[in-house]
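Step one of this worksheet: look at the structure below.
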Amino acid sequence: MKKRLEQLRKDAMAAFEKATDAAAIEKLYTQFLGRKAELARISKEMKSLADAERPAVGKLINDVKKDILDIIQKKKSVSPAGTSTSRKFDHTLPGIAPAVGHVHPITLFLEKIEAIFVPMGYEVVEGPEMETQEYNFDLLNVPRDHPSRDIQDTFYVGKADKRGRPLVLRTHTSPVQIRAMKTRKPPVRLLVPGRVFRNERTDAGHETTFYQVEGLVIDRAISVTDLMGTLELFLKRLYGDAVKIRVRPHFYPFTEPSMDIDMSCLLCRGKGCSFCKQSGWIETLGSGMVHPNVLANMGVDPAQWSGFAFGLGIDRLMMLYYGVDDIRLSYGGDLRFIEQF
């Protein structure tokens, strides 16, 4: 059997050396390595060998097969004349571009906002999405009976942290401001982007999960005019100099005084349309001077320091910026939507 294998190897090497094209190589492959080839028949006959002979014969079979495959590979890559036998490659053809990923529009919009505030000296900070009630409500001066604490508005996780404090999915990014001030001393300028959660009914303009950006400035003699100037500058840099703003009084537990900021509708230029509900104005963000109780909870003396805070929902402003008409597109996972950005 060993003599047959050696002769088979010799015959195969001689035959492949004479092959000059791919068709001849393919024919010889079937002749020497096909299911009905001599090598296959010898492999089947191994069961008749004595146990002591099988290892040596088996190794020889594998060696012969390897030698045949090696010469096949060699003949396929280069012919005896030194020319390639594979299909010719045209270097002038345009390449096939790889698929390119797309950044989510919310991420793009967040980057635009950060690009406005960071040059103004703001530090971008982040925090946990699962918060204690202490940070989400108590330290922000939210009363125990405030409606925002109800299960109709807040998602309660049903678990507690290591200290036994009940956990919620944060309803705003304001808790990060408290956490950040534990390791910082004024003056500070903070920008806090992040994902938040509210127990809301999903429709074209509302989602249970959305993004916010909040800002905090603490320094000596900070006033409402500093807040107004900052927000007007921000909106003009984001949407253009034609934007106008108006201020409406409001109530937030963590600021005093508190106010809402509206900007002129970009779609109708203040004339009134369905998007702005015929008012000519779009509710943009909430703001106010940081409440003395909140400053004290931050470890800041309200007698020496003052500050302002503001918060805006990213999703609706992103929709306005890019012309998106349904907030659910942002979280639907449809690549046809994402690939437009």
For this session: Could you state the angle between the C-alpha long axis of helix 2-18 and the longest principal axis of the C-alpha atoms of the chain, as a value from 0 to 90 degrees rounded to the nearest 10?
Result: 70
Seminar exercise, completed: Per-residue Cβ contact counts at 10 Å, fewest first, order THR230, THR225 as THR225, THR230
Problem set entry | Extension gain (nm, one decimal) between LEU335 and ARG246, 0.36 nm per residue minus Cα-Cα | 28.3 nm
Problem set entry | Cα-centre dipole for the range 1-41 with unit charges at Cβ (Lys and Arg positive, Asp and Glu negative), debye to 20 | 340
Exercise. Ranking PHE16, PHE337 by Cβ neighbours within 10 Å, fewest first, what do you get?
Worked result: PHE337, PHE16
Exercise. What number comes out for the charge environment of CYS276, summing +1 per Lys or Arg and -1 per Asp or Glu over other residues with Cβ under 13 Å away?
Worked result: +4
Exercise. Say we join alpha carbon atoms closer than 10 Å with springs in a Gaussian network model of the chain; which of LEU139, LEU39, LEU216 then has the biggest fluctuation?
Worked result: LEU39
Seminar exercise, completed: Low-density loop trypsin sites (Lys or Arg not before Pro), the range 149-192, at most 13 other Cβ within 10 Å, DSSP non-H/G/I/E/B, are LYS162, ARG163, LYS182
For this session: Return the sequence-ordered ³J(HN,Hα) values of the range 140-148 in whole Hz as given by the Karplus equation 6.51 cos²θ - 1.76 cosθ + 1.60 applied to θ = phi - 60°, using x for Gly and Pro.
Result: 9, 6, 7, x, 4, 9, 5, x, 5
Seminar exercise, completed: Across GLU256, GLU26, GLU111, the residue with the highest GNM fluctuation in the chain (Cα network, 10 Å cutoff) is GLU26
Problem set entry | Virtual spin-label span in nm between VAL118 and ALA22, 7 Å along Cα→Cβ | 5.2
For this session: Out of all DSSP beta bridges with both ends in the chain, state the antiparallel percent to the nearest 5.
Result: 95
Seminar exercise, completed: Karplus-derived 3J(HN,Hα) from phi for the range 184-192 (6.51 cos²θ - 1.76 cosθ + 1.60, θ = phi - 60°), whole Hz, x at Gly and Pro, runs 9, 10, x, x, 9, 9, 10, 10, 10
For this session: Select from LEU216, LEU320, PRO292 the residue farthest towards the positive end of the dipole of the chain; place +1 on Cβ of Lys and Arg, -1 on Cβ of Asp and Glu, and compute about the Cα centre.
Result: LEU320
Seminar exercise, completed: Filtering GluC sites (Glu not before Pro) in the range 141-221 by DSSP loop and by at most 11 other Cβ atoms within 10 Å leaves none
Seminar exercise, completed: Exposure proxy check on PHE251, PHE155: fewest-to-most Cβ neighbours within 10 Å is PHE251, PHE155
Exercise. Which entry in [x] 1.80; [y] 0.95; [z] 1.04 matches Cα Rg over 2.2 N^0.38 Å derived from the coordinates of this structure?
Worked result: [x]
Seminar exercise, completed: Toy charge model, Lys and Arg Cβ at +1, Asp and Glu Cβ at -1: the chain dipole around Cα centroid in debye, rounded to 20, equals 2080
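No lab work stands behind these numbers, since they all come straight from the coordinates. Nothing here was measured: the structure is a model prediction, and the numbers come from that model. All Cβ positions, glycine included, derive from the backbone under ideal geometry; neighbour counts span all protein chains shown.
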